[in-house]
Amino acid sequence: MTQPLTIGRIDFSPFTRFTVGFDEVFDALARTHDQLAGSSSNYPPYNILKYDANNYALEIAVAGFELDEIDVGVEGNNLTVTGQKVEKKEEATYIYKGISARSFKRTIPLGDHIVVKDAVIKNGMLTISLEREVPEAMKPRKIAIT
């Protein structure tokens, strides 16, 4: 008897008998679930946009960060955005400081064939453009019957 494949409260066992080679997908879902369950921070706030079937964007609020304090990188299928705030001498004393500008590291798993096209900061928003580039060998094709 096989063990049921569950992630959180979702049981994926019924799907495994209808699929071949999706083990990695279920493993990726489990890793993402574990990552999110262990993360309680929602800083900095972000949006995920979908323009069409192949184009996405990630918007991250980075107000108060300089260009040299933000790093965007991809390793494997993980996009990592890091903001490392540099301590500097304040010219004034804050009476109230409600705008958070603490250091952060946010890792977002990317789907297969998703590539980062560019990253732009405008008006305190970091926008990372993403595109699905499906290899020619994986695109639909007709098989000739002989």
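The values are calculated or read from the model by the stated rules, or taken from the named source; none is laboratory data. Just so it is clear, the model here is predicted, and its values are computed rather than measured. With ideal geometry, Cβ positions are generated from the backbone for all residues, glycine too; neighbour counts draw on all protein chains shown. Each accessible area value is taken on the protein alone, full model and side chains, heavy atoms only, with ligands, DNA and RNA left out. Shrake-Rupley method; radii C 1.70, N 1.55, O 1.52, S 1.80 Å.
Determine which residues of the stretch 49-83 fall in the zone a paramagnetic label at ASN42 would reach in this model, i.e. backbone nitrogen under 19 Å from the point 7 Å along Cα→Cβ.
49, 58-63
Could you run the Karplus curve 6.51 cos²θ - 1.76 cosθ + 1.60 with θ = phi - 60° over the stretch 131-141 and give me ³J(HN,Hα) per residue in whole Hz, x for Gly and Pro?
9, 7, 10, 7, x, 3, 5, 9, 6, x, 8
If I model a spin label at ILE145 and HIS113 as a point 7 Å from the Cα along the Cα→Cβ vector, what separation in nanometres do I get?
2.6
With charges only on Cβ, +1 for K and R and -1 for D and E, what is the dipole size of the stretch 46-100 about its Cα centre, in debye, rounded to 20?
On the way: 5 positive and 10 negative charges, 43 e Å.
Here the size comes out at about 200 debye.
Through the Karplus equation 6.51 cos²θ - 1.76 cosθ + 1.60, θ set to phi - 60°, convert the phi angles of the stretch 113-120 into ³J(HN,Hα) values in whole Hz; use x for Gly and Pro.
6, 8, 10, 8, 8, 6, 9, 9
For the stretch 60-71, in order, what is each residue's ³J(HN,Hα) by Karplus, 6.51 cos²θ - 1.76 cosθ + 1.60 with θ = phi - 60°, in whole Hz (x at glycine and Pro)?
For the stretch 60-71, the Karplus curve yields 10, 6, 10, 4, x, 9, 7, 4, 6, 9, 10, 10 Hz.
For the pairs LYS88/LYS122; LYS105/LYS139; LYS50/LYS89; LYS50/LYS97; LYS50/LYS105, note any where the Cα-Cα span goes beyond 32 Å.
In this structure, LYS105/LYS139; LYS50/LYS89; LYS50/LYS97 exceed 32 Å between Cα atoms.
If ligands, DNA and RNA are left out, what is the accessible area of GLU131 with a 1.4 Å probe, given in Å² to the nearest 10?
50
Please state the shape class of the stretch 36-140: rounded when a/c is under 1.5, otherwise prolate if a/b exceeds b/c and oblate if not, all from the C-alpha gyration tensor.
Prolate shape, in that a/c is at least 1.5 and a/b is the bigger ratio.
Roughly how many Å² of LEU58 are accessible to a 1.4 Å probe, to the nearest 10?
Number for this one is 10 Å².
Mind checking the full-extension length gain between SER129 and ILE95? Use 0.36 nm per residue of separation minus the Cα-Cα distance, one decimal, nm.
Values: separation 34, 0.36 × 34 = 12.24 nm, distance 3.81 nm.
Contour length minus the Cα-Cα distance gives 8.4 nm.
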